[in-house]
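Computed from the coordinates by the stated procedures, all read-outs in this text should not be read as laboratory data. Bear in mind the structure is a predicted one, so any value in this text is a computation, not a measurement. Heads up, the Cβs are rebuilt from the backbone with ideal geometry, glycines too, and the neighbour counts pull from every protein chain shown.
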Amino acid sequence: MRLARSLALLAALGSLAAVLAACAAEATPGWTFSPTPTPTVAPSGEPGASPATPAPSGAPTAAPSDGGGGGAVQLTITASGIAYDTDSLEVPADTPFQIVFTNNDAGIPHNVAIHEGGPSGAAVWTGEVFSGVDTRTYDVPALPAGTYGFVCTVHPNMTGTLTAK
């Protein structure tokens, strides 16, 4: 009788251990967020094109590229604390440019998208969504002169104004 009780107790403890192990394995999800990348449009790189003029001093984030692209304009934008580090950018009109976008929010997805007139206008161009901490260089096609909004498609509170002159 005592042996039967001991065996029953051991069987019950074994079952309990198996259930606890299964629950512990389910406590950590086996998935991560990985959005589908959005393709970007590369600049035309026409031979004989003159280098782009750097943005005026009122737009300190624009600088000539030091590699390839024939002196294309590069803008730098950083996301940190679910906010962009700037709310105003300027590029030459009718000239392809690059956006070097750094996402400093670990594990949080961000991107940069350009919209007509403002952040809620029709999308003109959308950069790849990616989680931080990481950096992407987006190739943006030439934009006609005008005012555009830039926005994070994941966090629509992250906005700014891009002016093409």
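Just a few scattered comments:
- Interchain or long-range residues, amide H under 5 Å from I108's placed H: G132
- Taking 0.36 nm per residue of separation and subtracting the current Cα-Cα distance, fully stretching the chain between A123 and A106 would add 3.5 nm.
- For E90, distant residues with modelled amide H under 5 Å away: T163
- Simple spin-label estimate for S80 and K165 gives 2.7 nm between the two label positions (7 Å along the Cα-to-Cβ direction from each Cα).
- Whole-Hz ³J(HN,Hα) from phi, Karplus 6.51 cos²θ - 1.76 cosθ + 1.60, for the range 116-121, glycine and proline x: 5, x, x, x, 9, x
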